[in-house]
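What follows is one structure encoded as structure tokens, with my remarks underneath.
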Ligand code: THG
């Protein structure tokens, strides 16, 4: 039996098969039917597609299970049996000579806080699907067309729970990032931390556009990569979606990826056996161009939308320490009451001051850390782009928090305390979470550098035995207080140098520990900071707003030649004065102060919005003025940020929800004042055969926020029902959504039916593959590329 892991390691290029759905349709799959259910009934047809791809040179066939989770199938479907059956069909076609890739697509739902699913529910659902795929004989699991980092991660966690098959993860990107704002490099960093065996990009783009995306992450990865573009960008011709790129051009264009070092290649939407034949010819006789093995790759932390590299020789990273109840009365009381206002304020303040990672510690007396830490982590993840550092002595709290993070958080920490490595090490490995290795063993503090190095070495051996890769380890050099141990700083510096020189490991420490019990602590901390940076420290857990250490940190980066043209130094310290008290002004990273209601909407602060609305009402402001003078301008600002790609979907949703909360408070007052005046109505629906509703729901939320009465008919809605609803409600506008190329043609039915009944409602259409020319071709009145544009269009239609 050939082993896919061996094929990944050898010199060959691996050609996968091409599109499945369009071929099934050509062979009898009715429009709108579930390809999985139909395929189970028509195994011979599915098998014929697999065989056609094998005949033209594919070495891997992909199971017809893209929508094989409970979210995409009717209730009561035996998920495991369905996936096993379809995998068996692929296995029969592949025999012993070719591989079977078990396909796992997106569910169409978001995990908290973007949606309502928990990460655990999502992983359970994928695990059930993957059990079936394994039972049916898959050789690898392939997650494809994913657009949210958390969901892609869930597939990996599920696969690791169920089997030891290699896992490939492919995400879909637009030039600016994935739909929920993940740049391709951050995707690559997160997946590499998780230890996926193969990573890549598929769908969404044709080969030309995909080339730029691939260039963006290639320098960051050591694992083999997979490129699976569409046959160009789709066009609509006579009511049919057409992918313009023919087999010969497709084969030719794929050569660029093979030159770049792609290990696996294939085609997504619009490709046929002829495309794969051309691709296989292109790959024939070529050997895999192996990427140069990297030296000293940094440790990388990620959030959904950002990567932070920590490495010897890179600019030092400040891990902001202040979300920690130690010595903070307000924070302690709030955490004890389960409130996060102060924690969120501290987060914002630290980010503005230059912290690139936030340490999160909720360890106050009488606090349930295992529920409070993940709750705060979710709030931070929804609001800020910074990766997090999970700081707790309770392994259960760290585990729960890891489940709440879409990317790679830093675990703080694993010490030599008995059981700690055994408990947390495997968790860090599973979640791809880098961790701080704290050289404490038992009761006695390791004072000398030699003792610390011995303790570090013992922990490194334990980590290696658990199969934890070195790229996940950040060593704490252990800052003890110089007041009680005069040589504490000296031993720290030696530990830092040893880690960098001998193990190539990055180091960090809790900066302020050094100065406990002495006067002029800032001076001591700053001095120690400069010395540690000189010795090669890569990160520090510190208060980013304390002037002197902050200024010395900025100056040190100039001395270490890590601040090109001293730009950051000049930006921050141009007006610096000795003993100036105020010191270098804190850099405005994001101007997100929420002095006004409008700003609170922009910042997505629901509580602030509610209390400010209340204040405005108390002050006698008219509800209509609050709405049109604050709430609406706020959401318009968000729209602008979104279009500039400064905001992504998570922030857009958060602001929309904050605005919604304020709007709901005002609604009864507005209605009373309007004296029966009606809000403009709009009917929204996802068309028949399509069960995607994320885009439509966002549009609905935005429209409600702009004062529309939204009649949401849900998904998989017939033209009849849409037109009837428009007639009954008297709505002037209809919004139609479709995600799939196979269902967007149903939009035309609705337009035709509407016009045949002589109704004059304006129709706007949207969805990932819908274009302006498509909208015109089917006689729609407009095309909205995103939720912001949908609102603009709807207003224009109503005002007209
Ligand atoms: N190594 C690792 N993790 C750590 C530490 C370390 N986590 C905790 C700690 N040390 C670093 N964090 C803090 C947090 C707060 C303070 C010091 C270190 C602190 N608090 C002030 C007080 O106690 O008075 C409050 C001041 C304020 O308002 O910020 O000093 O060494 N791996």
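Each value in this text was obtained by applying a stated rule to the coordinates, not by laboratory testing. Being a predicted model, the structure only gives us computed values, none of them experimental. Glycine gets a Cβ as well: all are built from the backbone with ideal geometry, and neighbour counts include every protein chain shown.
Cα centroids of segment 212-286 and segment 98-149: how far apart, whole angstrom?
Here the two parts' Cα centres lie 24 Å apart.
What nm distance separates the two modelled labels at residue 560 and residue 281, each placed 7 Å from Cα along Cα→Cβ?
5.5
Sort 725-737, 694-706 for me by packing, meaning the mean count of neighbouring Cβ atoms within 10 Å per residue, highest on top.
Numbers: 725-737: 20.8, 694-706: 22.5.
Highest-to-lowest ranking by the protection proxy: 694-706, 725-737.
Let's test the formula: R0 of 60 Å, r as the Cβ-Cβ distance of residue 523 and residue 240. What FRET efficiency results, to the nearest 0.05?
For R0 = 60 Å, the calculated efficiency reads 0.25.
Over segment 652-736, what per residue volume does the convex hull of the Cα atoms give, in whole Å³?
82
What is the packing order of peptides 67-73, 29-35, taking the mean over residues of other C-beta atoms within 10 Å and listing the highest first?
Packing order, densest peptide first, comes out as 67-73, 29-35.
Fully extended, how many nm does the chain gain between residue 628 and residue 341 (0.36 nm per residue separation, minus their Cα-Cα distance)?
100.6 nm is the gain from fully extending residue 628 to residue 341.
Within segment 1-27, whose backbone N sits under 18 Å from a point 7 Å along Cα→Cβ of residue 96?
It comes to 1-7, nothing else.
Quick check on segment 363-408: take the gyration tensor over C-alpha atoms, sort the square-rooted eigenvalues as a ≥ b ≥ c, and tell me if it's rounded (a/c under 1.5), prolate or oblate.
In terms of gyration-tensor shape, prolate.
Please give the length that would be gained between residue 375 and residue 81 if that part of the chain were fully extended, namely 0.36 nm times their separation in residues minus their C-alpha to C-alpha distance (nm, one decimal).
102.2 nm
Determine the calculated [θ] at 222 nm for the chain from helices alone, applying -39500 (n - 2.57) to every DSSP H run no shorter than 4 residues and normalising by the residue count; nearest 500 deg cm²/dmol.
-14000 deg cm²/dmol
Pulled fully out, how much extra length does the chain show between residue 757 and residue 393, if you take 0.36 nm times their separation in residues and subtract their Cα-Cα distance? Don't skip to the end; give the middle numbers.
Details: separation 364, 0.36 × 364 = 131.04 nm, distance 6.80 nm.
Full-extension gain reported as 124.2 nm.
Provide the FRET efficiency to the nearest 0.05 for the residue 329-residue 727 pair, computing r from the beta carbons and using R0 = 60 Å.
Computed FRET efficiency for residue 329 and residue 727 comes out at 0.45.
Would you mind computing, in nm to one decimal, how far apart the modelled labels at residue 248 and residue 785 are, each placed 7 Å from Cα along Cα→Cβ?
Between residue 248 and residue 785, the simple spin-label model gives 3.3 nm.
At 7 Å along Cα-to-Cβ for each site, give me the label-to-label distance between residue 118 and residue 795 in nm.
My value for the distance between the label points is 4.1 nm.
Hey, could you grab the Kirkwood Rh for segment 83-173? Inverse mean 1/r over distinct alpha carbon pairs, Å, one decimal.
Its Kirkwood hydrodynamic radius stands at 13.2 Å.
Rounded if a/c is under 1.5, else prolate if a/b beats b/c, else oblate: with a ≥ b ≥ c from the C-alpha gyration tensor eigenvalues square-rooted, which is segment 680-800?
rounded
With the Cα gyration tensor of segment 299-446 giving a ≥ b ≥ c as the square roots of its eigenvalues, does the rule (a/c under 1.5 for rounded; else a/b larger than b/c for prolate; else oblate) give rounded, prolate or oblate?
rounded
So the label point goes 7 Å from the Cα of residue 614 along Cα→C-beta, right? Which residues of segment 647-674 then have their backbone N under 13 Å from it?
Label zone hits: 662, 665.
Could you let me know the centre-to-centre spacing of segment 708-775 and segment 1-75, using Cα atoms, in angstrom?
Here the two parts' Cα centres lie 32 Å apart.
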